[in-house]
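Okay, so here's the structure we're looking at.
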Amino acid sequence: MGYAAHLRVYEPMSALPDSEREKWQEYVAQGDLPSRPVQMAREHEVAMSAVLAIPPRLNLSDGVDHAYVRHLDGLTYICPWRLQLRAWDALDSFRSQLPDELRDAFFPPALSAAADDARDAWVASHPEVKAGILTSTWQVPIAWFTAFEASERRLVLGERRTAEAPNDGLDRALIYVTQMSRARRRVAQALRVVRKIFDDGPATGAIEDVGRWLEDFHPHSLVELDYGGIVHLVDDETLSDDTSVADVNESLERLSVGDLRAAGECYERVVGRWRSIAALEHAN
């Protein structure tokens, strides 16, 4: 399991395209599905095997696809891995952050061109299929918190995974889950407040990106923020004291009434908390 957080959308089984629904109905019907932490560990293993290959392997279509599953009020909600589509998205994001010389050193032009062609062909034949998982390594993007409220927090203080006990920690988790309608409404409200004060700056763009992404999915979906492997980077006290969603919401409330000083204090609590965790990426 990598040190990454995830924002997932679980769509109702009935909302999936016909070409996908039967496949995932059979998947759920077989029972004995892997748990959420086990699935995250498997995702990480597949991704690491691909990226450590020489040259890096961008074709993940040979792997067995899995999905995260939730049951609520008699309905089944599903969030497929869609690793291949997410790998293409990650490649685009990675390449966009590097100068041409470094980009070509990591991914030879021929390999990148082949990946682009494969993605274009796949998207053309599956225009209705979207990747329902966003991933962020070493931190949770501030904009993700705007979709939730503090009462939706679910904390489990299981054992931490360590180098000495790599298989422990399967129960440790910090998760928020909400309905899509609520998530969209909150993100839209946050966007209005932030845009009014800061116009079209980076914070506005980040929230806008989250809102636009959520619009791609069925309105009766569930939205989940999962701290994933990041819960193993901090101790129980630090994890229990993480009130990032509440702090972001308070900051937005203060902004909405023009109390910029109090809003800044709330925001700095969140930024400071995540700055210290993100710094662990560079620890020896």
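Using a ≥ b ≥ c from the Cα gyration tensor of the range 1-149 (square roots of the eigenvalues), is it rounded, prolate or oblate, where a/c under 1.5 gives rounded and otherwise the larger of a/b and b/c decides, a/b for prolate?
Prolate.
Please report the relative contact order for the range 4-282, taking Cα pairs under 8 Å with a sequence separation of at least 6, and give it as a percent rounded to a whole number.
26 percent
Using only Cα atoms and rounding to the nearest 10 degrees, what angle (0 to 90) does helix 18-29 make with the longest principal axis of the chain?
Around 80 degrees separate the two axes.
Please give the Cα centre distance for the range 242-284 versus the range 79-137, rounded to the nearest Å.
31 Å
Can you compute the FRET efficiency between Ser136 and Leu98 using 1/(1 + (r/R0)^6), with r the Cβ-Cβ distance and R0 = 22 Å? Round to the nearest 0.05.
0.75
Can you give the Kirkwood hydrodynamic radius for the range 109-251, in Å, rounded to one decimal and based on Cα pairs?
Radius from the Kirkwood sum: 17.4 Å.
Taking only the alpha-carbon positions of the range 4-282 and ignoring solvent, what does the Debye formula give for the base-10 log of I(q)/I(0) at q = 0.14 Å⁻¹?
Relative scattering, expressed as log10 I(q)/I(0), comes to -1.18.
So how tilted is helix 109-125 from the main axis of the chain? Cα-based, degrees 0 to 90, rounded to 10.
Result, in degrees: 90.
Using a basic spin-label model with each label point 7 Å from the Cα along Cα→Cβ, how many nm lie between Asp235 and His44?
The modelled label-to-label distance comes out at 2.2 nm.
If each residue's Cβ is checked for other Cβ atoms within 10 Å, how do Thr204, Thr146 rank with the fewest at the top?
So the residues, fewest neighbours to most, are Thr204, Thr146.
Can you give me the orientation-averaged projected area of the convex hull built on the Cα atoms of the range 165-221, in nm²?
Its average projected convex-hull area is 6.0 nm².
From the gyration tensor of the Cα coordinates in the range 59-117, what semi-axes in whole Å does the equivalent ellipsoid have, largest first, with each one equal to sqrt(5λ)?
Three semi-axes, in Å: 34, 13, 7.
Over every pair of different alpha-carbon atoms in the range 195-284, take the mean of 1/r and invert it; report that Kirkwood radius in Å.
Computed over Cα pairs of the range 195-284, the Kirkwood hydrodynamic radius comes out at 15.4 Å.
Bear in mind these aren't lab numbers, they're just calculated from the coordinates by the rules spelled out. Quantities reported herein were computed from a predicted structural model and do not represent experimental measurements. As a convention, Cβ positions derive from the backbone with ideal geometry for all residues, glycine included, and neighbour counts pool all protein chains shown.
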